[in-house]
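Engineer: Have a look at the structure that comes next, please.
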Amino acid sequence: MLDEKEASALALGYVEDAARADKVKLPNFVAGSDCSNCGNYLGQSGDPAGGCKIFPGKRVNAKGWCTAWLKKA
Ligand code: SF4
């Protein structure tokens, strides 16, 4: 699992729970967004965690979030 304290995670403001994303520091936060509905997420719907194109070799929490979030096509 990706650790919030890893340098790569810190660089992109990754949090394991999107509810903890700092909405003041992160004005691009889209209400309701999290890893499970991110275009970079590689997990299956319903999985508690899955891979992410931005963090190769790591799993991210389905309820997580980072500044690389983009709307799933
Ligand atoms: Fe989650 Fe998307 Fe960020 Fe990956 S890029 S950690 S799936 S919000």
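Engineer: Go through segment 43-70 and report how many residues are in contact (Cβ under 8 Å) with a residue 24 or more places away in the chain and over 10 Å from L2 (Cβ atoms).
Structural biologist: The total comes to 7.
Engineer: Then there is this: Is it fair to say A68 is under 9 Å from the mean Cα position of the chain (by Cα) and in a loop (DSSP other than H, G, I, E, B)? If you could, list the steps in order and put the result at the bottom.
Structural biologist: Details: under 9 Å from the mean Cα position of the chain (by Cα): yes; in a loop (DSSP other than H, G, I, E, B): yes.
Yes: the conditions hold for A68.
Engineer: Among G13, G39, which is at pLDDT below 95, under 15 Å from A68 (Cα atoms) and under 12 Å from the mean Cα position of the chain (by Cα)?
Structural biologist: Result of the check over G13, G39: G13.
Engineer: Another question, then. Somewhere in segment 34-42, is a residue within 12 Å of the ligand (Cβ to nearest atom), surrounded by 13 or more Cβ atoms within 10 Å (Cβ to Cβ), in a loop (DSSP other than H, G, I, E, B) and without any contact (Cβ under 8 Å) to a residue 24 or more places away in the chain?
Structural biologist: yes
Engineer: In segment 52-73, which residues are buried (at least 18 other Cβ atoms within 10 Å of the Cβ) and either of a type in the set (S, T, N, Q) or near the ligand (Cβ under 9 Å from one of its atoms) (or both)? Outline the logic, then answer.
Structural biologist: Start the filter on segment 52-73 by keeping residues that are buried (at least 18 other Cβ atoms within 10 Å of the Cβ), which leaves 52, 54-55, 59-62, 64-66, 69.
Once the filter is applied, which keeps residues that are buried (at least 18 other Cβ atoms within 10 Å of the Cβ) and either of a type in the set (S, T, N, Q) or near the ligand (Cβ under 9 Å from one of its atoms) (or both), segment 52-73 yields C52, I54, F55, V60, N61, A62, G64, W65, C66, W69.
Engineer: Same structure again: If I ask for residues that are of a type in the set (A, V, I, L, M, F, W, C), more than 13 Å from the ligand (Cβ to nearest atom) and either surrounded by 12 or more Cβ atoms within 10 Å (Cβ to Cβ) or within 18 Å of K63 (Cβ to Cβ) (or both), which ones from segment 1-25 would you list?
Structural biologist: Initially, segment 1-25 is screened for residues of a type in the set (A, V, I, L, M, F, W, C), giving 1-2, 7, 9-12, 15, 18-19, 21, 24.
Cutting the leftovers down to more than 13 Å from the ligand (Cβ to nearest atom) gives us 7, 19, 24.
Matches in segment 1-25: A19 only.
The values are calculated or read from the model by the stated rules, or taken from the named source; none is laboratory data. Since the structure is predicted, the reported quantities are computational estimates derived from the model, not experimental observations. Every residue, glycine as well, gets a Cβ built from its backbone with ideal geometry; the counts of neighbours run over all protein chains shown.
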